[in-house]
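The values are calculated or read from the model by the stated rules, or taken from the named source; none is laboratory data. No experiment lies behind these values; they were computed from the predicted model shown. Here Cβ is always computed from backbone atoms with ideal geometry, including for glycine, and neighbour counts include all displayed protein chains.
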Amino acid sequence: MSNVRVRVYGLLSLTRRQYLFSLGVGLLLLAALLVVWFTHGVHYLRHPWAPYLPLVVMAAVALEAIEVLIVLGKFRRLEAAEKAKRESAG
């Protein structure tokens, strides 16, 4: 298995495994936020924008899905290029 690394947000150089782990942690935190919101948050927040928090979280999940498609595409391209390079050298 190759150790292809992709720069995410121009800051972090991650392997596919590291990226998928961080993605899973982020999605679990978003899910936990929704659960807490629906069980406790509605009763405590009286701000006019408070009812829209679940929509904001769902929009974040949608944006995350777009990011996943882009980053996994980068991994696919780099892995294919590395494989082609190894085959031509070997």
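Could you please let me know if Glu87 is of a type in the set (Asp, Glu), assigned to a helix (DSSP H, G or I) and under 16 Å from the mean Cα position of the chain (by Cα)? No; evaluated as a whole, the condition is false for this residue. Restrict the check to region 13-21 and report whether at least one residue is surrounded by fewer than 14 Cβ atoms within 10 Å (Cβ to Cβ) and either in a helix (DSSP H, G or I) or in contact with an Asp or Glu (Cβ under 7 Å, 6 or more places away or on another chain) (or both). Checked region 13-21: at least one residue is surrounded by fewer than 14 Cβ atoms within 10 Å (Cβ to Cβ) and either in a helix (DSSP H, G or I) or in contact with an Asp or Glu (Cβ under 7 Å, 6 or more places away or on another chain) (or both).
Does region 68-82 hold any residues that are surrounded by fewer than 15 Cβ atoms within 10 Å (Cβ to Cβ) and in contact with a Leu (Cβ under 9 Å, 6 or more places away or on another chain), and which are they? Within region 68-82, Val68 is the sole residue that qualifies. Residues in region 19-43 that are under 11 Å from the mean Cα position of the chain (by Cα) and farther than 18 Å from Ile66 by Cα: none.
I'd like to check something: does region 36-56 contain any residue that is basic (Lys, Arg) and modelled with pLDDT of 85 or more? Checked region 36-56: no residue is basic (Lys, Arg) and modelled with pLDDT of 85 or more. Among residues of region 15-29 that are within 18 Å of Leu78 (Cβ to Cβ), those with a Cβ under 7 angstrom from a residue that is β-branched (Val, Ile, Thr) and in a helix (DSSP H, G or I), sequence gap 6+ or separate chain, pair up as Tyr19/Val71; Leu23/Val68.
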